[in-house]
Amino acid sequence: MTDLMTPEGVDADYYRVGEEIADTKAPAGPIAAKWTSRKFDAALVNPANRRKLSVIIVGTGLAGGAAAATLGEAGYHVKSFCYQDSPRRAHSIAAQGGINAAKNYKEDGDSIYRLFYDTVKGGDYRSRETNVYRLAEVSANIIDQCVAAGVPFAREYGGLLDNRSFGGVQVSRTFYARGQTGQQLLIGVYQALERQVAAGTVEMYTRHEMLELIVEDGRARGIIARDLVTGEIETHLADAVVLGSGGYGNVFFLSTNAMGSNVTAGWRAHRKGAYFANPCYTQIHPTCIPVSGDHQSKLTLMSESLRNDGRIWVPKRREDCEKDPRTIPEQDRDYYLERIYPAFGNLVPRDIASRQAKNMCDEGRGVGPLVGDFRRGVYLDFADAIARLGRPAVEAKYGNLFDMYARITGENPYETPMRIYPAVHYTMGGLWVDYDLSSNIPGLFVTGEANFSDHGANRLGASALMQGLADGYFVLPNTIRDYLAKGPYPKLDADSPAVAEARRSVEERTQRLLAINGERSVDSFHKELGHIMWEYCGMERTETGLMKAIDLIRSLRAEFWRNVRVLGSADTLNQSLEKAGRVADFLELGELMCIDALHRRESCGGHFRAESQTEDGEALRHDDQFLYVAGWEYAGSGDEGGMAAPILHKEPLVYDAIALKQRSYK
């Protein structure tokens, strides 16, 4: 029974406080020995019994695809689901700059501990120590695995794998394949996955979207999915369910995410009892092509790797902002990151680089065309790098990125500085998991960006690919077997009450969306929600702004269920219906994100509360009050289709291997 308390002050109107939660799976002992101990202590499943056990995996990106390939190779029966027409279209393919690993190939002082330290510090001391150390520990294995799979990493002249640097670190640990690292890694995973499909251990369900989680006797036992081509509602049952369904950045409408990226799989699990942790921790990436007008439906990322050789600046004087940047002399340029953060320069973490870009533009020193009343852009200049290295060397490292920029903007970045501005990119929040990657619902495991576990309040560049492959190839296969060893679990059929209820809820929700027959398009609601989220829960948040956002979202959600127009029918291909279901979930998630941001009266990483900053404008944490993971429990529907006040469960964060400090990159 949840022990509920009413918070004090304004928070009492928005949420209740439940009992504390804890990760009970991480073994005792030195942090460097925990993963070895856990792998040994986890129960084994002999090869003959694995064939009797089934696992559903939702998502075919690096985390989901690697997990499906590995579990299939081990002999389990795997059902793999993706809403795309091929696993190769998972959003992992869009990653550009690289993947971290503590191999110390450059002999510049890197180590497992330093990668661990940089990741915890980069996340502003809001991640769980044990999970992060394990991530650093297995990182070197990932590179070996990928090389064996044929991933064409960049190499030095002598044939050794090359490295470059990313933000928040002072070593070179990022392995890369030009500016298309995600694509090459996903092709490697795809090959491994398809090998298991051919072997018969993995069943592949493309163009299928998970719309509900089946929970029987307190355990996750399957999903309800919709065949997006025929419209058929299908029931799929298994001994365990794994979500590798990615992040929820599209709640902002404009983001670097693929247009179809959504929160539905995770949100459906949340409504069935899975805690949603730290939803307000979203990452604004500093290196994106700026917004050009109201017509856009997504934004384009320019890899953080460009900050290795590109220099970021704005004019010192407002009157120079309309000039051709090539005519502005060196003494009239403000290389503001190099000025403010001399130790890290242009390679400060993403949250810091993003806020400083915003500050420059807010001062009236932004560049590029006017969007509204402001110029939203800063320069990323390669003139020095081209002079130092030569154009052929720059082309070899970044050529496809330069080509992409030129095609989108019509400008030649070899001759004119790129213009960049922050955009929503990644979400550090996600479903709460323990050391085994198990949610609080037994049998439901969560991997990659869909969980909260490794990045705290800010993700360092090149760590998303690292986490996805670590979870899929090395962590989940070693932890899920401890759960599966207790199976096979009792057989279910379509007539089981939990299965029938889940299917009925999907069918009723689908018919309700189609029956509204209102006057507004789904996209218009999504766009309005995104504007609210960006304005009040974006790069800077305030108490009054967040309370306003919550009221606006509640009103918008009520109008959605009264006035949305969903064309077509349920029994055929219907993208309007697909979008409607996803936006309905975003409208609930958006409120929870704002409540989470409101309750956390501190600044940390990507969560910047204007009321909590140092004298020089840096994020100011309050470890005495907020040193915990915020795990939110769904409390049901409220009045008139709204949400009841969610329940906050705090997981205290304990730091034994690293001392808590206020971050400094100066």
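The table below gives the values:
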quantity: Residue that is part of a helix (DSSP H, G or I), open to solvent by 30 Å² or more (accessible area, probe 1.4 Å) and acidic (Asp, Glu), where the choices are ASP108, ASP144, ASP85, ASP118; calculated: ASP144
quantity: Breaking point among (1) part of a helix (DSSP H, G or I); (2) touching a residue at least 24 places away in the same chain (Cβ under 8 Å); (3) under 27 Å from the mean Cα position of the chain (by Cα), for ARG503; calculated: (3)
quantity: Verdict on ALA28 being more than 30 Å from ARG663 (Cα to Cα) and open to solvent by 10 Å² or more (accessible area, probe 1.4 Å); calculated: no
quantity: Some residue of region 401-424 being in a helix (DSSP H, G or I) and hydroxyl-bearing (Ser, Thr, Tyr); calculated: yes
quantity: Qualifying positions in region 88-105 - outside any helix (DSSP H, G or I) and surrounded by 24 or more Cβ atoms within 10 Å (Cβ to Cβ); calculated: ALA90, ALA95, GLN96, GLY97, GLY98, ILE99, ASN100, ALA101
quantity: Filtered residue count, region 33-70, keeping only those that are part of a helix (DSSP H, G or I) and more than 27 Å from the chain's Cα centre (by Cα); calculated: 9
quantity: Pairs, first at positive phi in region 60-78, second among the charged types (D, E, K, R) and outside any helix (DSSP H, G or I), C-beta under 8 Å, six or more apart; calculated: GLY75/ARG51
quantity: Subset of region 166-176 that is at pLDDT 95 or above and open to solvent by less than 20 Å² (accessible area, probe 1.4 Å) - its residue that is farthest from THR70 (Cα to Cα); calculated: VAL171
quantity: Which listed residue, of GLN196, GLN191, GLN183, is part of a helix (DSSP H, G or I), touching a helix residue (DSSP H, G or I) at 6+ places or on another chain (Cβ under 8 Å) and open to solvent by 30 Å² or more (accessible area, probe 1.4 Å); calculated: GLN183
quantity: Test: residue in region 333-356 that is closer than 22 Å to ASN412 by Cβ and touching a residue at least 60 places away in the same chain (Cβ under 8 Å); calculated: no
quantity: Residue check, ALA258 farther than 13 Å from GLY429 by Cα, part of a helix (DSSP H, G or I), touching a residue at least 24 places away in the same chain (Cβ under 8 Å) and not hydroxyl-bearing (Ser, Thr, Tyr); calculated: no
quantity: Qualifying positions in region 582-625 - among the aliphatic types (A, V, I, L, M), over 23 Å from the mean Cα position of the chain (by Cα) and closer than 21 Å to ALA423 by Cα; calculated: ALA610
quantity: Residue match in region 601-616 (condition: of a type in the set (A, V, I, L, M) and within 19 Å of LEU337 (Cβ to Cβ)); calculated: no
quantity: Selection from region 333-361 of residues that are over 18 Å from GLY605 (Cβ atoms) and outside any helix (DSSP H, G or I); calculated: ARG333, ASP334, TYR335, PRO342, ALA343
quantity: Count of residues meeting criterion [open to solvent by 40 Å² or more (accessible area, probe 1.4 Å) and out of contact with any Phe, Trp or Tyr (no Cβ under 6 Å at 6 or more places or on another chain)] in region 364-390; calculated: 12
quantity: Filter result (under 21 Å from ARG391 (Cβ atoms), part of a loop (DSSP other than H, G, I, E, B) and open to solvent by 40 Å² or more (accessible area, probe 1.4 Å)) within region 283-331; calculated: ASP324
quantity: Where a residue in region 183-206 is over 23 Å from GLN467 (Cα atoms) and its partner, wherever it lies, is assigned to a helix (DSSP H, G or I), with Cβ under 6 Å and at least six apart; calculated: THR201/GLY72; MET204/VAL197
quantity: Any chance VAL522 is of a type outside the set (S, T, N, Q) and over 29 Å from ASP596 (Cα atoms); calculated: no
quantity: Yes/no for LEU546 being under 15 Å from THR282 (Cβ atoms) and assigned to a helix (DSSP H, G or I); calculated: yes
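Table: residues versus (1) open to solvent by less than 10 Å² (accessible area, probe 1.4 Å); (2) touching a residue at least 12 places away in the same chain (Cβ under 8 Å); (3) among the charged types (D, E, K, R).
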| residue | (1), (2), (3) |
| --- | --- |
| GLN575 | no, no, no |
| LYS579 | no, yes, yes |
| GLY590 | yes, yes, no |
| ALA610 | no, yes, no |
| TYR634 | no, yes, no |
| GLY642 | no, yes, no |
| ALA645 | no, yes, no |
| HIS649 | yes, yes, no |
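Okay, residues lined up against (1) among the charged types (D, E, K, R); (2) out of contact with any Pro (no Cβ under 9 Å at 6 or more places or on another chain):
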{"site": "GLN575", "(1), (2)": "no, yes"}
{"site": "GLY581", "(1), (2)": "no, yes"}
{"site": "ILE595", "(1), (2)": "no, no"}
{"site": "ASP616", "(1), (2)": "yes, yes"}
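The values are calculated or read from the model by the stated rules, or taken from the named source; none is laboratory data. Everything quoted here is computed from the prediction, not taken from an experiment. Quick reminder, even Gly has a Cβ in these numbers, built from the backbone with ideal geometry, and neighbours come from all protein chains shown. Please note that ligands, DNA and RNA were not included when accessible areas were found on the heavy atoms of the full protein model with its side chains. Shrake-Rupley method; radii C 1.70, N 1.55, O 1.52, S 1.80 Å.
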